[in-house]
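I have placed the structure first, in the form of structure tokens, so that the comments after it can refer back to it.
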Amino acid sequence: MLDDSVTLRRVDLNDQVYQTLREWLVRGRLGPGDRVSLHGLAEQLGVSRSPVQHALTRLVSDGLVSVQARRGYFVTALTPKVMQDAYDVRLGLELMVAERTVGRVADSDLERLRSLLYDTCPPAGTDAAAMDPARWHAANQAFHEFQVDLARNPVLSHIFRSLNVNILMERVLAGQGGPWLRDVTEEHTAIVEAYERGDLTGAQDALRRHNDTSRRVAAEAIARAGGAA
């Protein structure tokens, strides 16, 4: 168990505990397969077990923690198979959305999509290391969620969000920068430009390329971590 002392305000305690544990998980301070003690975390954070239980339930939904019957909570090991499966489903949903929306998107939505693209772009001449990792991942998540939201299908949007691919990828990368961000920027740009042209084939090709890049980056990061993140 970690020794760090954490002081939490008594406002929105459930959210604070969740955000603290999520940060530990995403940054690798709790490693794959580690047992997560509800009692130990409550004692360490200086709170009752109720907000910790609430946070762990949310983290299970995020895919960062799993529950084993009669054994408790454990940090989910993110393997290449876990990430590949998630990206398979994500690509299927994004391609379906493109088929239903390209050529039918309002100018205001296209402007918003391009604005979200800009939020994912690093400053000229820099890479991901020059950007705040949490901010970049949040911008990347907003870009992809908005593309799916263009379908105006709340059920589809909910399913897409429940995949939590961006959260899983944030943990896999754990703040790593690198030349892959140039590919991501180019692919995001290609997606937006295809939408602006009303080019369905171009949009779907760009989505496939982007998905392939994400799979590769995840696999390489997991390999560097020893086979699980």
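Listing for the model above:
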quantity	calculated
Pick from segment 72-115, criterion of a type in the set (A, V, I, L, M, F, W, C) and within 19 Å of W180 (Cβ to Cβ), ranking: surrounded by the fewest Cβ atoms within 10 Å (Cβ to Cβ)	L91
Subset of segment 110-134 [of a type in the set (A, V, I, L, M) and either touching a Ser or Thr at 6+ places or on another chain (Cβ under 8 Å) or at pLDDT 85 or above (or both)]	L110, L113, L116, L117
Test: L181 is over 23 Å from A106 (Cβ atoms), open to solvent by less than 20 Å² (accessible area, probe 1.4 Å) and in contact with an Asp or Glu (Cβ under 8 Å, 6 or more places away or on another chain)	yes
Given (1) in a helix (DSSP H, G or I); (2) surrounded by fewer than 19 Cβ atoms within 10 Å (Cβ to Cβ); (3) touching a residue at least 24 places away in the same chain (Cβ under 8 Å); (4) not hydroxyl-bearing (S, T, Y), number of the condition P122 does not satisfy	(1)
Residues located in segment 54-71, provided they are in a loop (DSSP other than H, G, I, E, B) and open to solvent by 40 Å² or more (accessible area, probe 1.4 Å)	A69, R70, R71
Filter pass, V6 being among the β-branched types (V, I, T), at pLDDT below 90, open to solvent by less than 60 Å² (accessible area, probe 1.4 Å) and in a loop (DSSP other than H, G, I, E, B)	yes
Identity of the residue in segment 184-212, open to solvent by less than 40 Å² (accessible area, probe 1.4 Å) and modelled with pLDDT under 95, that ends up nearest to R112 (Cα to Cα)	T185
Scan of segment 54-74 for residues that are over 19 Å from the mean Cα position of the chain (by Cα) and farther than 14 Å from L41 by Cα, ordered by number	V67, Q68, A69, R70, R71
Filter result (open to solvent by less than 10 Å² (accessible area, probe 1.4 Å) and under 11 Å from the mean Cα position of the chain (by Cα)) within segment 138-159	H144
Residues satisfying the stated conditions in segment 20-33, i.e. at pLDDT 90 or above and open to solvent by 20 Å² or more (accessible area, probe 1.4 Å)	T20
Residue in segment 70-102 that is nearest to M169 (Cα to Cα), counting only those that are out of contact with any helix residue (DSSP H, G or I) (no Cβ under 6 Å at 6 or more places or on another chain) and basic (K, R)	K81
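The values are calculated or read from the model by the stated rules, or taken from the named source; none is laboratory data. Small disclaimer: the values here were computed from a predicted structure and weren't measured. In this analysis, Cβ positions are derived from the backbone assuming ideal geometry, glycine residues included, and neighbour counts consider all displayed protein chains. Protein only, heavy atoms only, side chains kept; ligands, DNA and RNA dropped before computing areas. Shrake-Rupley method; radii C 1.70, N 1.55, O 1.52, S 1.80 Å.
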